[in-house]
Amino acid sequence: MEDERLHIFVDESGTPKLSDNLENADYYVVVALLISDSLLENFKNSACEIKFNYAGSGELKSSSVGNNLSRRQKILQDIKESDFKYYCLVVNKSEVWRDSGLQHKKVFYKFLHRMIYSRIKRNFSGLSILADNYGDSEFMESFKSYLFGFNNLFDDINFEQSSKVPLLQIADFLSGSVRRIYEKDDPIELLELINYPNAPIEEWPPNFSRKSNFSELEGQDKFDEFIRSAALNSAKRFVESNLGSEKKELNEQALAVRYLLYRYFENSSEYVFRLEIAKYLNLVANSNYSEQQISTNIISKVRESGVVIASTDKGVKIPFSYIDIFEWISRVDSQVTPYLKRVEYARDEFLLASKNEYDIIDHKVFPELGGYLIIKK
């Protein structure tokens, strides 16, 4: 697989523009079929067969099937049985955080580009992207410009009419079907034919009410899933409890945590510099935070409230896996343990010189510090 190209066939349903007031325009869906070089011909044949069975010499389109639920179910079943692998992003535009800057079209487009790219990139020798050019999508054109920034990875990025490419028709049918389900035009049960292991659906902003099925995981995967689930929920609870608080500091802390959530779902492996958080709060809350104040007045305070935030020299983030937690604890260990040892060495010297009569760590004065040190008798 590492020596192969990855072929990506992209289509979208709906529009990513946040200003739309059209009926049933809450959701925007992108589907990217992911096919390795060695399997390309097999999947081309599968797409051609499905297209011919349901559209003959015409074009297979989700909009053409419309409300014919039984026909849509049959087509989705055939797609599932053909074992297509794809990435699906569902954006609920009505819940996008406007004050994060995403109300600006270019910012929102770039955010989606980064999210999609971070999910589809693989350890392949090259990537080839083909997207539907119907309607001269401004989003896809800007995606093309964005991807050209990675020209060492992309062999080619092209647009073609979906009527000429059955694989694009499969992407169209999937994206349209997903959007119909989310817009409640079709029953939620239809998702069982779409959301399967080879093709997970990612929602943004995330749906926190959905529970992780730990019983299906084991070993490190189960531990990692537990960590991110607990960390995300601690952040969510804090935001829900404090966003819009009359106490200025609590509202700003909630805004900062929400910004970390926003960055987490843009790229879960990326750390965020404290200076970025300061600039964000200064913009949306008319504050005047310095980088140091973000550490003392924001990060430290939300941690004390139970929000799990990992930090290293690279910045801060909501942890995605045990590795994030391990790096954070290793950093704390390297900074805190030497101080405790130095205090303990000094304490031992005074206890020895006074034959245990004088203890510089008075547990009544320093109860918390004393709890970290061995009680000397």
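The values are calculated or read from the model by the stated rules, or taken from the named source; none is laboratory data. The shown structure was predicted, so the numbers you read here are calculated from the model rather than taken from an experiment. When we count neighbours, we look across all protein chains shown, and the Cβ atoms used for this are built from the backbone with ideal geometry, even at glycine. In case anyone asks, the SASA skips ligands and DNA or RNA and just uses the protein heavy atoms, side chains included. Shrake-Rupley method; radii C 1.70, N 1.55, O 1.52, S 1.80 Å.
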Can you tell me the relative contact order of the chain? Whole percent, Cα pairs under 8 Å, sequence separation 6 or more. 17 percent
Taking Lys314, Lys51 and ranking on accessible area (1.4 Å, protein atoms only), highest first, one gets Lys314, Lys51
Using the Cα centre of the chain as the reference point, and only Cβ charges (+1 on K/R, -1 on D/E), how large is the resulting charge dipole? Debye, rounded to the nearest 20. 940 debye
Sort Arg258, Arg237 by heavy-atom solvent-accessible area, probe 1.4 angstrom, most to least. Arg237, Arg258
May I ask for the net charge around Asp313, where only other residues with Cβ less than 11 Å from the Cβ of Asp313 are counted and Lys, Arg are +1 while Asp, Glu are -1? +1
Which listed pairs, of Lys341/Lys364; Lys105/Lys247; Lys105/Lys279; Lys222/Lys341; Lys314/Lys341, have C-alpha distances above 24 Å, in listed order: Lys105/Lys247; Lys222/Lys341; Lys314/Lys341
Leaving ligands and nucleic acids out of the surface, order Glu368, Glu95 by accessible area at 1.4 Å, largest first. Glu368, Glu95
May I ask you to evaluate 6.51 cos²θ - 1.76 cosθ + 1.60, the Karplus curve with θ = phi - 60°, for each residue of the stretch 218-233 and list the ³J(HN,Hα) values in order in whole Hz, giving x for glycine and proline? 8, x, 5, 4, 5, 5, 4, 5, 4, 4, 5, 5, 5, 5, 5, 5
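Using the Kirkwood radius over C-alpha pairs as Rh, can you work out the diffusion coefficient of the chain via Stokes-Einstein at 25 °C, viscosity 0.890 mPa s, in µm² per second?
The estimated diffusion coefficient comes to 103 µm²/s.
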Candidates Phe265, Phe223, Phe111, ranked by Gaussian network fluctuation over the chain, Cα under 10 Å, top entry: Phe223
Around Ser36, which amide H atoms from residues at least 5 apart in sequence, or from another chain, sit under 5 Å from its own amide H, with H modelled in the peptide plane? His7
Integer Hz, Karplus 6.51/-1.76/1.60 couplings in order for the stretch 352-365, x for Gly and Pro: 5, 5, 9, 6, 6, 7, 10, 10, 5, 9, 6, 5, 6, 8
